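Step one of this worksheet: look at the structure below.
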Amino acid sequence: MNFLSIFDVIGPNMIGPSSSHTAGAVAIALSARKMFGGEITRVTFTLYGSFAKTYKGHGTDKALLGGILGFSTDDERIRDAFELANEMGVEYKFHIDEETVTNHPNTADILLENENGHKLFVRGESIGGGKMKIVRINNVNVEFTGEYSTLIVQQIDKPGVVAHITQCLSLHNINIAFMRLFRESKGTAAFTVVESDQPIPRDILQYIKINPNVQDLMLIEM
C-alpha cells in the first residue's frame, strides 16, 4: 500500500496556481541549472503536452525561467523572471510542440549554453504535487527525482568505472541511497547517478575525475 504524506495532500510551498505546471516546472529547471554548474548565457525551452497548452495561463514559462535563474518554488521573484533574465543577460526562447507525444503530459526540454559554447540538454517531467523527474541528459535516458543529494557521473561505459565511483564514495563515508547506471549501449556514453540522503561533498569530485573514463561530473546539492 502507498501512503500519502500531508505534503502530497496540501502541495508544496510555492508561487503560482498549479503544483504541476509551476512548482514542478521550477524544480525541473532548478535541477538543470545545478547540473550545468556555471554561468548560463542562453536557454531554450521546448514544451510538450499540457505544458504546451497552458504554459502562459499557469505561469509555466516564468516558472521554468525562474528555476534557471536559481529561484526556488516559493521565490516571489518568479513573477518577474522575464525582466530579471533580461537584466542578467540570459537569453531565452520557448518552443511549443503540440504534435510530439511524450511519456508524460507535463514534459519540458531544456538546452543550456554558456558563452564558451558548452551545452547541456535536460528533459524533465512534472509528475504532480510539485515533484518532478529528470528523464534524459543529452542523448541518454535516465531517471532521478532530485529529492536527494545527487551525483551524476558522465562516463564511457568501461569496466571499473562504477567500482571507482563507489570506492571514492566509501572513502568519504557517503551513504548511497540509490545508484544506477544508464547508457546508450555497451561501451558508449553512460551516466552513473548516485543519490544520497546526506550531503555529497564537492571535494569528492576531484577524486572521481582521476579515472580516465570519467568525462564530466554534475552535483545537485540539497
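Using a cutoff of 8 angstrom between alpha carbon atoms and counting only pairs six or more residues apart, the relative contact order for the chain works out to 21 percent.
For region 52-145, GluC sites (Glu not before Pro) are listed when DSSP marks them as loop and at most 12 other Cβ atoms sit within 10 Å of their Cβ; the list is Glu98, Glu99, Glu115. Each part gets one Cα centre, and for region 88-157 versus region 20-82 those centres are 11 Å apart.
Amide H to amide H distances under 5 Å link Gly37 with no residue, where only residues 5 or more positions off or on other chains count and H is placed in the peptide plane. Between the beta carbons of Ile127 and Lys186, assuming R0 = 35 Å, the FRET efficiency works out to 0.70 to the nearest 0.05. Where does the charge balance sit around Phe191 when Lys and Arg score +1, Asp and Glu -1, over other residues with C-beta under 11 Å from its C-beta? Combined, the nearby Lys, Arg, Asp and Glu give -1. Only helical runs count toward this figure. For the chain, summing -39,500 (n - 2.57) over DSSP H runs of n ≥ 4 and dividing by all residues gives -7000 deg cm²/dmol at 222 nm. Would you list which lysines come within 30 Å of Lys93, measuring only between C-alpha atoms, while excluding same-chain residues fewer than 8 positions from it? Once the sequence-local lysines are set aside, what remains near Lys93 is Lys34, Lys53, Lys56, Lys62, Lys119, Lys131, Lys133. How far, in degrees from 0 to 90, does helix 161-171 lean away from the longest principal axis of the Cα atoms of the chain, to the nearest 10? Orientation of helix 161-171: about 90 degrees from the principal axis.
Where a number appears in this text, it was derived from the coordinates with a stated rule and is not lab data. Bear in mind that the values here come from a model prediction, so they are computed numbers and not experimental data. Note that we place each Cβ from the backbone using ideal geometry, even for glycine, and neighbour counts take in every protein chain shown.
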